[in-house]
Amino acid sequence: MATPGALLRDLEALALPAACLGCGAYLPAASEGAGICAVCGSRMRRLGAPGCARCGQPLDPWERRPHAEAARTCGFCRTWPDSMVWAASAVWMVDGPARELVHALKYGGWRVAAGPMAAAMARAAAGRLAGVELLVPVPLGARRLRERGYNQAGVLARALGERVGARVAEGALVRVRETRTQTALGPAQRWTNVQGAFAAAGGIAGAKVAVVDDVLTTGATLAACAAALAAGGAGEAGAVTFARAAVPD
Ligand SMILES: [Zn+2]
Ligand SMILES: [Zn+2]
């Protein structure tokens with residue numbers, strides 16, 4: 001007769017995929033950061049340091065020169081509103097385990113993928129997240145929430161919150177209008193598409209917050225969220241994502 005504790009452990013193991021979400025290899029139950037194998041974990045390309053002091057993007061050679069201004073920000077984040085004080089991402093969104101994890105969580109219904117993603121985020125953004133009180137997931141549109149059944153940014157925020165000891169304020173941001181998916185849009189269209197799409201719903205006054213999402217491309221969605229949080233009285237807003245994708249032409 002199994003003890004209730006052992007039964008619970010067995011049930012938890014059953015809830016985890018037996019195969020690595022990156023390569024399909026067999027995973028021993030209850031392995032650290034379950035959901036992905038050690039090989040795939042090491043195959044993900046980390047953003048690495050030193051990058052831009054504000055957004056972590058690798059700097060062009062000319063940006064590394066010790067000009068006082070240029071040393072602070074890079075070309076990539078220069079157009080972001082001041083309300084998005086910082087951004088951090090763990091890995092590059094390239095073919096392989098990183099893309100597999102993002103797709104497993106977003107389209108495959110594998111919420112367990114949030115575990116290894118949050119682990120990578122906690123490592124990459126440890127310094128930034130140390131002072132953060134509230135994690136705020138990018139809200140999903142009502143239609144997409146119905147289709148998917150859950151907000152992948154919310155699942156990711158909860159997994160990250162458990163790791164770094166920050167509260168998750170799922171309802172702190174609301175979408176005030178539906179937007180087209182950013183995937184098919186060019187960089188300039190991405191900014192206009194999300195302009196004014198979010199509003200703060202309260203509960204954030206004076207708090208240091210981090211907006212959470214799976215992928216940062218231009219930063220447009222996260223910046224719109226940060227701007228809404230700042231307008232709603234947040235003390236400081238940053239953004240943390242699992243992956244960073246190349247900006248499309
Ligand atoms: Zn693997
Ligand atoms: Zn930058």
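The values are calculated or read from the model by the stated rules, or taken from the named source; none is laboratory data. Just so it is clear, the model here is predicted, and its values are computed rather than measured. Cβ placement follows ideal geometry from the backbone for every residue including glycine, while neighbour counts extend to all protein chains displayed.
ASP214 passes all but one of (1) within 27 Å of LEU47 (Cα to Cα); (2) in the same structural domain as GLY141 (by TED's automatic domain parsing); (3) in contact (Cβ under 8 Å) with a residue 40 or more places away in the chain; (4) over 13 Å from the mean Cα position of the chain (by Cα); which number fails?
Result: ASP214 passes all but (4).
Going through GLY149, GLY196, GLY171 one at a time, which residue ends up being in contact (Cβ under 8 Å) with a residue 40 or more places away in the chain and either touching a His at 6+ places or on another chain (Cβ under 8 Å) or over 19 Å from GLY56 (Cβ atoms) (or both)?
Answer to the check: GLY149.
Restricting the search to segment 71-94, which residues are part of a strand (DSSP E or B) and more than 10 Å from ligand 2 (Cβ to nearest atom)?
If the condition is that a residue be part of a strand (DSSP E or B) and more than 10 Å from ligand 2 (Cβ to nearest atom), then MET84, VAL85, ALA88, SER89, ALA90, VAL91, TRP92 are the ones that fit.
Which members of segment 131-153 meet the condition of being modelled with pLDDT under 95, over 20 Å from THR221 (Cα atoms) and not in a helix (DSSP H, G or I)?
Scanning segment 131-153 gives GLY131, GLY149.
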